[in-house]
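Undergrad: Below you will find the structure I want to go over with you.
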Amino acid sequence: MNCGLVLTDRIIDEGPEWRAFDQEQRDKRARVGAPLTFTIHDKGLSTMIDWRNRDSYGKDLAPKRRAQIYRLRKWQRRIRVSDATERNLAYALSELDRMASSLGLPRNVREIAAMLYRKAVEQRLIRGRSIEGVAAAALYAACRQSRIPRTLDEVAEVSRVGKKEIGRSYRFIARELRLSIPPTSPIDYVPRFISELKLLGEVQAQAISILKMAANKGLTSGRGPTGVAAAAIYVASVLANSRRTQREVAAVARVTEVTVRNRYKELVEKLDLEVPL
């Protein structure tokens, strides 16, 4: 300041030009390619060659160039999957992604399911079990952990194995990986069932209120959560003058009408609800 000596001129700031206030924002704004993902066997670190035969301008490739790209694509596929473990992961994770898409599950559930499957592979729990069964079990466990309820029947419908095998694999990996999975609450099912029945928000609030009262009196323990949720929704729909039939509610909840009727009677009697006929 006193002598006027300039040490450096035009200093280049090598930091980013954007601001971030936490780690999540920092990860989102970093320009270093796609983030790591457990849903791809190589975690998304290898190069991907697009299947469309077009150049960067969107024009079709010449036949000679197309043949070169085809060969590159073939070798890239072979290089990405080099041993048996990677082949297993590649198949299982694509199967996981297919099932999650069919069930309409969000990204975080897919990531958790992929991580559980990877742990099962690392601890050699796959031996003697089908890849599809363990993948479906990992997806079901991820749904339970994330409190995004999907029943075993729903998972079995989109899987290539039966419900019994998925249940066996689920119990096995839950025990071996020491997963802490909270019991499913009937309240978790209410928003989805309400949406499928096209009922209003007030019916949902009423159904949740009924289920909370039922839980306080111990009416939900030892009973199937879907059946109790269906009965509470049926009662709430009647009370809110947006009645749905027991058959409609049972179809959405994938339980029988008898189950809905029995749970309905229990709720009305034990909670002293005045339901118009």
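Read the figures in this text as sums done on the coordinates, not as results from a lab. As the structure is a computational prediction, the values presented were derived from the model and not from experiment. Every residue, glycine among them, receives a Cβ derived from its backbone with ideal geometry; neighbour counts consider all protein chains shown.
Undergrad: Find the relative contact order for segment 34-182 and round it to a whole percent, using C-alpha pairs within less than 8 Å whose residues are 6+ positions apart.
TA: 21 percent
Undergrad: While we're looking at this one, here's another question. Can you give the alpha-carbon Rg of segment 67-133 over 2.2 N^0.38 Å, where N counts its residues?
TA: 1.32
Undergrad: Only loop residues by DSSP count here, and only those with at most 16 other Cβ atoms within 10 Å; note down the chymotrypsin sites (Phe, Trp or Tyr not before Pro) in segment 159-214 that meet that.
TA: Taking segment 159-214 and a limit of 16 other Cβ atoms within 10 Å, no loop chymotrypsin sites (Phe, Trp or Tyr not before Pro) are found.
Undergrad: Based on Cα positions only, what radius of gyration and what Dmax would you give for the chain, in angstroms?
TA: Here Rg and the maximum Cα pair distance are 26.6, 96 Å.
Undergrad: Still on this model: Note down the relative contact order for the chain as a percent, whole number, built from C-alpha pairs under 8 angstrom at least six residues apart.
TA: Averaging sequence separation for qualifying contacts and normalising by length gives 11 percent for the chain.
Undergrad: Another question, if that's okay. Quick check on the exposure proxy: order MET99, MET48, MET1, MET213 from fewest to most C-beta atoms within 10 angstrom.
TA: In order of increasing Cβ crowding within 10 Å: MET1, MET48, MET213, MET99.
Undergrad: Select from THR47, GLN206, GLN23 the residue farthest towards the positive end of the dipole of the chain; place +1 on Cβ of Lys and Arg, -1 on Cβ of Asp and Glu, and compute about the Cα centre.
TA: The residue sitting most towards the positive pole is THR47.
Undergrad: Using only helices, what value at 222 nm comes out for the chain when you add -39,500 (n - 2.57) per DSSP H run of length 4 or more and divide by the total residues, to the nearest 500 deg cm²/dmol?
TA: Computed mean residue ellipticity for the chain: -18500 deg cm²/dmol.
Undergrad: Go through segment 215-225 residue by residue and turn each phi into a ³J(HN,Hα) via Karplus (6.51, -1.76, 1.60, θ = phi - 60°); whole Hz please, and just put x for glycine and proline.
TA: Karplus values, whole Hz, x for Gly and Pro: 5, 5, 9, x, 7, 9, 6, x, 10, x, x.
Undergrad: Using the Karplus curve 6.51 cos²θ - 1.76 cosθ + 1.60 with θ = phi - 60°, what ³J(HN,Hα) values do you get for each residue of segment 229-241, in whole Hz, with x for Gly and Pro?
TA: 4, 4, 5, 5, 5, 4, 4, 5, 5, 5, 5, 8, 6
Undergrad: Something else: Hey, what's the Kirkwood Rh for segment 94-146 if you take every pair of different alpha carbons, in angstrom?
TA: 10.9 Å
Undergrad: Taking a ≥ b ≥ c as the square roots of the eigenvalues of the Cα gyration tensor of segment 154-210, is the shape rounded (a/c under 1.5), prolate (a/b larger than b/c) or oblate?
TA: oblate
Undergrad: So what are the ³J(HN,Hα) numbers for segment 184-200, from phi and the Karplus equation (6.51, -1.76, 1.60; θ = phi - 60°), rounded to whole Hz, Gly and Pro as x?
TA: 6, 9, x, 4, 4, 7, 4, x, 5, 5, 4, 5, 5, 8, 6, 9, 7
Undergrad: Then there is this: Computed over the Cα atoms of segment 21-126, what is the convex hull's projected area averaged over all directions, in nm²?
TA: 9.6 nm²
Undergrad: Given 10 Å bins starting at zero, what is the percent of C-alpha pairs of segment 186-270 in each, up to the one with the largest pair distance?
TA: Going from the shortest bin to the longest, the percentages are 21, 61, 18, 0.
Undergrad: Enumerate by residue number the trypsin sites (Lys or Arg not before Pro) in segment 112-213 meeting two conditions: DSSP loop (anything except H, G, I, E, B), and at most 15 other Cβ atoms within 10 Å of the site's Cβ.
TA: Filter output for segment 112-213: ARG124, ARG127, ARG147, ARG160, ARG178, LYS198.
Undergrad: Cα axis of helix 84-103 to longest principal axis of the chain: angle in degrees, 0 to 90, nearest 10?
TA: Result, in degrees: 50.
Undergrad: Here is a follow-up. Placing +1 at every Lys and Arg Cβ and -1 at every Asp and Glu Cβ, with all other atoms neutral, what dipole size does the chain have around its Cα centre, in debye to the nearest 20?
TA: Dipole about the Cα centre, nearest 20: 1160 debye.
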